[in-house]
1. Aliphatic (A, V, I, L, M), crowded, with 23+ Cβ neighbours inside 10 Å, in a strand (DSSP E or B) and in contact (Cβ under 8 Å) with a residue 24 or more places away in the chain, is that true of LEU357?
2. Of all residues in the range 26-53 being away from the ligand (no atom under 16 Å from the Cβ), assigned to a helix (DSSP H, G or I) and in contact (Cβ under 8 Å) with a residue 60 or more places away in the chain, which is surrounded by the fewest Cβ atoms within 10 Å (Cβ to Cβ)?
3. Against the condition among the charged types (D, E, K, R) and either within 19 Å of the chain's Cα centre (by Cα) or within 16 Å of the ligand (Cβ to nearest atom) (or both), how does ARG98 come out, does it pass?
4. Which of the residues belonging to the range 167-208 are free of Cβ contacts under 8 Å to residues at least 12 places away in the same chain and within 16 Å of the ligand (Cβ to nearest atom)?
5. Those residues that are touching a Lys or Arg at 6+ places or on another chain (Cβ under 9 Å) and surrounded by fewer than 14 Cβ atoms within 10 Å (Cβ to Cβ), I need them from the range 178-187; list them, please.
6. Do we have HIS175 as surrounded by 15 or more Cβ atoms within 10 Å (Cβ to Cβ) and in contact with a Ser or Thr (Cβ under 6 Å, 6 or more places away or on another chain) here?
Amino acid sequence: MAGALVERVEIKKSALVHNIREFRRLVGRKRKFLAVVKANAYGHGLLEVSRIALQSGVDWLGVNSVEEGAALREAGIEAPVLVIGYVPFLGLEEAVARDLRLTVYNRETVRRLAALAVRFRKTIPLHVKVETGTWRQGVDLKDIGAFVRDILKRPGLVVEGLSSHFANIEDTTKHDYPRRQLESYRSACRELEARGLEVPLKHMSCTASTMLFPEPEFNLARVGIGLYGLWPSKETYLSCILEKKKPLSLEPVLSWKARIAQVKKVPAGAFVGYGCTYRTTRPTVLAIVPVGYFDGYDRGLSNAAHVLVKGRRAPLRGRVAMDFFTADVTDIPGVKLEDEVTLLGADGRERISAEDLAALAGTISYEILSRINPLVPRIVV
Ligand SMILES: Cc1ncc(COP(=O)(O)O)c(C=O)c1O
């Protein structure tokens, strides 16, 4: 099967299982473990990753949209699924019908869900998101008590979770801002307790905070990037060292591979690709790689990245186009048509990491991975 594909993403199951076990050690058995599988499991393949995660003891899955949640249900996955993103009014009915857990922070959404609870004769568990300083989604801290009371007075609605999200925990080794956010979250918990409102699932974590702030009051851990074998940032790694925490051993899960579509010899002085941005300085052997920015290979990698061919690094020449880019294989003997090219991952002793490509493209590993076109086949190996 893989042999017939011009391009593929390989998912190393043993690496994913290993990373999940590493996080389970941190999360412990008493807390629930939610694998963040939004954005096509950070580019790794929603269904492929979700199935392996659940087989490996993950309790919950986290998606961004009802569409992603529906895809899990269509595939027969019955585990609890939390929709982290925004669900428009017209998507609420499907979310309820498919037993997806929703994140709420607008009263209008709550009103509409209450009507659906009556119509479906269902109890709908909600996760209220509280604003602690990321200023993205969330109910203002000062309104949290009233918001939760408003939910609870409506028949058919229950508050299952209270969530929030850190703004910059990955960006720094100084954690005064996340600590302030944590304090705000705790004050929301106190406010609810003082009103006699008990929320069963408390969750605020991401990979970095699971590593750095294993706070006892959280009983659901949301982990994304770490499951895929990447550190959220250098700062997170450094923070672990500074705080004398043994860094987890993480193994990258994803490799991205393609086949050479043409090998061609060009003379010195030849211009390569759109815009003629590269001119050869010697007789050159070019490998034409049938992957472009449509596939998610960032155009910012033009004339900058390397790929691996026969375990050796080959530099990109010219611009990344929609469906093709070109690598210089002059110094790699014996390269031929349909040889394998590794865009991301290891070949022999060489490795190209998502962090390497992110640095060259001026972004973060999360974006490099999650933008790999979902149409590229994901193969579990
Ligand atoms: C609300 C929420 N929780 C958890 C995560 C997981 O973060 P990470 O991938 O850093 O573990 C994300 C990722 O964007 C998120 O948006």
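1. The answer is no for LEU357.
2. Out of the qualifying residues, it is GLU48.
3. No; evaluated as a whole, the condition is false for this residue.
4. Passing the criteria: only ASN168.
5. Within the range 178-187, no residue meets the criteria.
6. For HIS175, the condition - surrounded by 15 or more Cβ atoms within 10 Å (Cβ to Cβ) and in contact with a Ser or Thr (Cβ under 6 Å, 6 or more places away or on another chain) - is not met.
For every residue, the table says whether it meets (1) among the charged types (D, E, K, R); (2) touching a Gly at 6+ places or on another chain (Cβ under 9 Å); (3) in the same structural domain as ARG21 (by TED's automatic domain parsing).
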| residue | (1), (2), (3) |
| --- | --- |
| LEU230 | no, no, yes |
| GLN262 | no, no, no |
| GLY296 | no, yes, no |
| ALA304 | no, no, no |
| ARG312 | yes, yes, no |
| LEU316 | no, no, no |
| LYS336 | yes, no, no |
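For every residue, the table says whether it meets (1) more than 13 Å from the ligand (Cβ to nearest atom); (2) touching a helix residue (DSSP H, G or I) at 6+ places or on another chain (Cβ under 6 Å); (3) modelled with pLDDT of 95 or more; (4) charged (D, E, K, R).
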residue: TYR105; (1), (2), (3), (4): no, no, yes, no
residue: ALA115; (1), (2), (3), (4): yes, no, yes, no
residue: LYS129; (1), (2), (3), (4): no, no, yes, yes
residue: GLY138; (1), (2), (3), (4): no, no, yes, no
residue: PHE147; (1), (2), (3), (4): yes, no, yes, no
residue: LYS153; (1), (2), (3), (4): yes, no, yes, yes
residue: GLY156; (1), (2), (3), (4): yes, yes, yes, no
residue: GLU160; (1), (2), (3), (4): yes, no, yes, yes
residue: HIS165; (1), (2), (3), (4): no, no, yes, no
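The values are calculated or read from the model by the stated rules, or taken from the named source; none is laboratory data. Because the structure is predicted, anything quoted here is derived from the model rather than measured. Cβ coordinates were reconstructed from backbone atoms using ideal geometry, including for glycine residues, and neighbour counts include every protein chain displayed.
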